[in-house]
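The structure appears right after this line, and notes come after that.
Read-outs throughout are calculated quantities, based only on the coordinates presented, and are distinct from any laboratory measurement. Treat the numbers as computed from the prediction; the structure is a model and nothing was measured. Heads up, the Cβs are rebuilt from the backbone with ideal geometry, glycines too, and the neighbour counts pull from every protein chain shown.
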């Protein structure tokens, strides 16, 4: 399980980078106007999107980090189990291919802010195919997709971090023919 230790280390590093981002001002309560900027100050930029615009992996391997609320891990894992079920019952060859190389790991160490870090490892990913949870759920479970999506999004402490990976060195010994 050496890969798990590596993934947890990478997840913690990614979480630390995300935590180091500039803090945004608090969101006003529903029905309340946003706070007026202080004279002479430049208003804060709008927050960056917390999820990538595209869920397409274009490289040799890919990872997705999710910072999940500690009390929502069972819900997150339940939705991911439904994603697995959806991929398994799909007749789409690309969805079948996605299922073959998509693994989900749970960090054993606590992440930033007490988050439980989940890592999707896609090795290799199906290139240029979207890994959009809502699409996968909608295709397999059209009557449940909205409820599953609501359950899924309620799990997140913060957004997701997506990385396309390019292999630069393979430490495995070369296979020598006999």
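For the pair the stretch 61-97 / the stretch 105-145, the C-alpha centres are spaced 5 Å from each other. Ranked for footprinting exposure by Cβ neighbours inside 10 Å, fewest first, 138, 82, 103 give 103, 138, 82. Applying 1/(1 + (r/R0)^6) with r as the Cβ-Cβ distance of residue 90 and residue 110 and R0 = 25 angstrom yields a FRET efficiency of 0.10. Cα convex hull, the stretch 66-178: 154 Å³ per residue, rounded to a whole number. Once the chain from residue 77 to residue 100 is taken as fully extended at 0.36 nm per residue, the excess over their C-alpha distance is 6.5 nm. Each of 66, 90, 172 was scored by other Cβ atoms within 10 Å of its Cβ. Arranged with the fewest first, they read 172, 90, 66.
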